[in-house]
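Here's the structure we're looking at; comments come further down.
The values are calculated or read from the model by the stated rules, or taken from the named source; none is laboratory data. If you're wondering where the values come from, they're calculated on a predicted model, not measured in any experiment. Quick reminder, even Gly has a Cβ in these numbers, built from the backbone with ideal geometry, and neighbours come from all protein chains shown. Keep in mind that these areas ignore ligands, DNA and RNA; they rest on the heavy atoms of the full protein, side chains included. Shrake-Rupley method; radii C 1.70, N 1.55, O 1.52, S 1.80 Å.
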Amino acid sequence: MDKPRVFITRKLALEPASILGPGIEIDQFDSEDPLPRARLLERVAQASALLPILGDRIDRELLDAAPRLRIVANHAVGYDNVDVLACTARGVWVTNTPGVLTESTADLAFTLLLTLARRIREGERMVREGKWLGWAPTQLLGMELRGKTLGIIGYGRIGQAVARRAEGFGMRVIFTDERGGVPLDELLSTSDIITIHTPLMPETHHLIGAAELLRMKRGVLLINNARGPIVDEAALVAALQSGHLGGAALDVYEFEPKVHPALLGRDDVVLLPHLGSATRETREAMGRLALTDIELVLRGERPAHPVNEVAAK
Ligand code: 8YV
């Protein structure tokens, strides 16, 4: 009998063969480049397991092209790129990588927050461009964190890890979540800084649109390293242009990897290329989790991090 094959859609932070046993054949697009959709569809044809990243859309078309597929082990905690219902209907497990990226993603949220609040980008550029002519009492004044209210939208593992950091900085933390906290309206109208840590689902698509931005206090700072489409990017641009928003720090974009052109030239925004979980430790752990779940499923066992339930075949 042929060995089951796994298709890994990118270069990983660890060698897949260091986790997968010799009974599994590894096919890998061993690159950081985007994988064209047509090549993805081609290479899943013989795959029993698939390890995709966020940018790979796992939908009915892909499932049709992959008749042998038994598991989609998403290299992410978020799985909005996967049509989970379609996978379940075909008996395909879907797994994610929870827990191992909580601290790195919360660290990055706080990095964004401090970079924006303390105008780090502008200061850095001033020095590098030789435009710093000397110290002045009014130069690049930012926002102090102590005593400010941080509104956290989504209070799961990452939201709570951000709250722990904020408490260390003397901030007052409020949150909104389907499990409790304050109503979204109250969070919007009372926070000095707002940070988003909810998954992208139909209910959270454009959760922050023009009306919500207007409800925020004038001068508020907005942080997003969850998912781009939670914020209506065009409305965000308008709120920055009108001066209602004090600034935004983004690690994710509505049409990733495209960035709204109006954001690019602004001094009151910080823009990163989706670096939330980008530490060596976390990326190795994410790869390990996904590959281990593949190994389990191909051995006929239940994966350790399922997001759906599949009947035994
Ligand atoms: C990944 C993420 O970098 O885990 C997530 O949900 O957004 C990031 O950790 C990204 O999803 C790559 O697949």
Per DSSP, loop chymotrypsin sites (Phe, Trp or Tyr not before Pro) in region 57-139 with at most 12 further Cβ within 10 Å: 135
Carbon/sulfur fraction of accessible area - the chain, other protein chains in place, 1.4 Å, %: 54 percent
Degrees between helix 102-117 axis and first principal axis of the chain (Cα, 0 to 90, nearest 10): 30 degrees
Loop sites in region 57-166: trypsin sites (Lys or Arg not before Pro), DSSP, at most 15 other Cβ within 10 Å: 57, 68, 90, 131, 146
Helix-only [θ]222 nm of the chain, DSSP H runs n ≥ 4, -39500 (n - 2.57) each, per residue, nearest 500: -9000 deg cm²/dmol
Cα-based Lys pair tally, the chain, threshold under 29 Å, eight or more apart or on separate chains: 5
About the Cα centre, charge dipole magnitude for region 113-194 (Lys/Arg +1, Asp/Glu -1 at Cβ), debye: 400 debye
Dipole magnitude of region 102-271 about its Cα centre (Cβ charges: Lys, Arg +1; Asp, Glu -1), debye to nearest 20: 520 debye
Positive-pole candidate from 163, 225, 139, dipole of the chain, charges at beta carbon: 139
Long-range amide H partners of residue 249 with built H, under 5 Å: 222, 223, 224, 270
Dipole-positive endmost among 276, 289, 262 within the chain (Cβ charges, Cα centre): 276
Low-density loop cleavage sites - GluC sites (Glu not before Pro) in region 249-306, where at most 16 other Cβ are within 10 Å (DSSP): 301
Where the chain is the region considered: accessible area per residue in Å², 1.4 Å probe: 48 Å²
Rounded to the nearest 20 debye, dipole of the chain from Cβ charges on Lys, Arg, Asp, Glu: 380 debye
Dipole of the chain, positive end: most advanced residue of 67, 114, 101 [Cβ charges, Cα centre]: 114
